[in-house]
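Below is one structure, written out as structure tokens, with a few remarks after it.
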Amino acid sequence: METTERQASDNARRAVLSTIRSRGSENYRAPAVRPAPPPLSETVKLAAYRDLVSQVMEDALIGNNNRSKVFENSGAEHAAIVLDVMLDHARAEVSLFTYEMDASIWHSEHVQGFLERNPNGIVRALVESNDVLTSSSSALSQLQPQIAAGQVSVRRVAPNTTTAPHVVVVDRQHVRIESDHVLRKATVAFGNDDLGKSAGTLFDVLWKQAPPLTAR
């Protein structure tokens with residue numbers, strides 16, 4: 001790797017990791033919700049969470065409250081909602097580094113919706129698993145037409161060869177950085193151009209180093 005490219009990678013990595021460790025005054029704090037009798041069903045709770053995340057995204061897009069919104073996200077169901085909202089508001093590019101693009105949190109219909117709304121849009125999936133094109137546990141196995149059409153590109157990085165966190169970058173301004181893959185714990189930032197640029201730079205370096213993944 002050239003020196004300048006390594007420096008860019010190191011700078012981007014530090015910026016992304018610093019967001020996980022410490023979030024400054026721009027943090028978005030969702031208002032506390034007091035439980036009310038009778039207890040809400042899980043379906044109702046998830047619907048309320050989806051509404052909240054959607055509103056946070058809308059506020060970030062129109063610039064309310066200094067635009068940038070940063071919040072914590074954990075659990076598979078909440079992760080899926082955040083990813084749905086990010087895809088539903090994507091306009092040009094979705095870049096993601098993940099183990100396999102797990103179908104339990106990545107809903108292929110939202111990926112398809114993004115590409116249908118934006119015919120020139122692109123999805124770049126950098127994965128660690130070698131079976132994502134055929135395994136039913138990966139959303140990529142449900143996106144074969146989009147892969148064949150060149151709308152979804154897939155590359156593979158060898159497992160355990162990078163310390164970079166799993167990350168999703170949408171339009172270089174919306175980011176989800178996962179710090180715990182088992183608990184799906186992550187930091188989410190909507191409307192954050194600085195973090196989006198740093199995360200995007202880190203992803204670009206990883207992407208350039210990885211070979212394309214083709215069906216076996």
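Structural remarks
- Boolean, ASP84 is in contact with a helix residue (DSSP H, G or I) (Cβ under 7 Å, 6 or more places away or on another chain), surrounded by 18 or more Cβ atoms within 10 Å (Cβ to Cβ) and of a type in the set (D, E, K, R): yes
- The set of residues in the range 185-216 that are surrounded by fewer than 22 Cβ atoms within 10 Å (Cβ to Cβ) and of a type in the set (Phe, Trp, Tyr) contains only TRP207.
- Any hit, the range 99-117, residues being touching a residue at least 40 places away in the same chain (Cβ under 8 Å), surrounded by fewer than 20 Cβ atoms within 10 Å (Cβ to Cβ), of a type in the set (Phe, Trp, Tyr) and over 28 Å from LEU61 (Cα atoms): yes
- Residue that is modelled with pLDDT under 90 and within 23 Å of SER179 (Cα to Cα), where the choices are TYR49, TYR28, TYR99: TYR28
- Looking across the range 129-146, the residues that are within 15 Å of LEU96 (Cα to Cα), modelled with pLDDT of 95 or more and either of a type outside the set (A, V, I, L, M) or part of a helix (DSSP H, G or I) (or both) come down to SER138, ALA139, LEU140.
Here is a yes/no grid of residues against (1) at positive phi; (2) hydrophobic (A, V, I, L, M, F, W, C); (3) assigned to a loop (DSSP other than H, G, I, E, B):
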position	(1), (2), (3)
GLN55	no, no, no
VAL70	no, yes, no
ILE81	no, yes, no
ALA90	no, yes, yes
VAL94	no, yes, no
PHE97	no, yes, no
GLU109	no, no, no
GLY113	no, no, no
PRO119	no, no, yes
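- Residues that are among the β-branched types (Val, Ile, Thr) and surrounded by fewer than 18 Cβ atoms within 10 Å (Cβ to Cβ) were ranked within the range 118-135; the one that is nearest to ASP88 (Cα to Cα) is ILE122.
- Among residues of the range 185-213 being under 20 Å from GLN55 (Cα atoms) and assigned to a helix (DSSP H, G or I), the one that is nearest to the chain's Cα centre (by Cα) is GLY196.
- The range 135-189, residues that are farther than 16 Å from ILE81 by Cα and of a type in the set (A, V, I, L, M, F, W, C): LEU140, LEU143, ILE147, ALA148, ALA149, VAL152, VAL154, VAL157, ALA158, ALA164, VAL182
- Failed condition for VAL182, given (1) surrounded by fewer than 20 Cβ atoms within 10 Å (Cβ to Cβ); (2) in a helix (DSSP H, G or I): (2)
- Residue that is surrounded by the fewest Cβ atoms within 10 Å (Cβ to Cβ), among those in the range 162-172 that are at pLDDT 95 or above and in a loop (DSSP other than H, G, I, E, B): ASP171
- Scanning the range 102-148 for residues that are farther than 23 Å from ASP180 by Cα and touching an Asp or Glu at 6+ places or on another chain (Cβ under 6 Å) yields HIS110, ILE122.
- Against the list (1) in a helix (DSSP H, G or I); (2) over 17 Å from ILE177 (Cα atoms), the condition MET86 fails is (2).
- For the range 147-161, filtered to residues that are in a loop (DSSP other than H, G, I, E, B) and out of contact with any strand residue (DSSP E or B) (no Cβ under 7 Å at 6 or more places or on another chain), the residue that is farthest from PHE203 (Cα to Cα) is ALA149.
The values are calculated or read from the model by the stated rules, or taken from the named source; none is laboratory data. This is a predicted model, so every value here is computed, not measured. Here the Cβ is made from the backbone with ideal geometry for all residues, glycine too, and neighbour counts use every protein chain on show.
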